[in-house]
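A short write-up of the structure that comes next.
Just so it is clear, none of the values below were taken in a lab; they were calculated from the coordinates. Everything numeric in this text was worked out from a predicted model, so none of it was measured. Here the Cβ is made from the backbone with ideal geometry for all residues, glycine too, and neighbour counts use every protein chain on show.
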Amino acid sequence: MSGKHNILSVRRVKRGNQLVFKSQGDLAIYNEFMKGLEEGQEVDEFLESIDSSGTKPQLAKIHACIKELANEIGYTFEEMKKEIKRRSGLAIGDLTSDGYVKSFADCSVQELGGVIETIIEVGENVNINFRGHFPLRS
């Protein structure tokens, strides 16, 4: 991983007074993230406790990846978001005028899963690997 496309998504659990990695896989993802950072590189951190739906963390990851794709491809964030929605079947008609575009916030978990697959596919086309950012979790 290069620092340019370095997004971390791991799950930790509170044990005592610390957050520890839920699995060895999450620890491995964290270690890869750290390897991809350049010395002195700043990192934004977003922590959210998980509720049963898990959709808020999904939305945060989706938006972070769309932003990364937009930067890489040369689109604005809004242009990239509309393109991801179009490819995911969440946009109908002309996106510049009368077309319908469904909000990610109104999507089911299954629809967000489709959005994630679209992001992964688009990322692969521009040599960004997003697969590790959306691991399946129990």
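In this structure, the pairs whose alpha-carbon distance is over 25 Å, taken from Lys14/Lys102; Lys14/Lys61; Lys14/Lys81; Lys22/Lys61, are Lys14/Lys102; Lys14/Lys81. Altogether, the Stokes-Einstein calculation at 37 °C and 0.692 mPa s, with the Kirkwood radius of region 3-133 over Cα pairs as Rh, returns a diffusion coefficient of 202 µm²/s. The dipole here belongs to region 3-133: it is taken about the Cα centre, uses +1 on the Cβ of Lys and Arg and -1 on the Cβ of Asp and Glu, and is about 520 debye.
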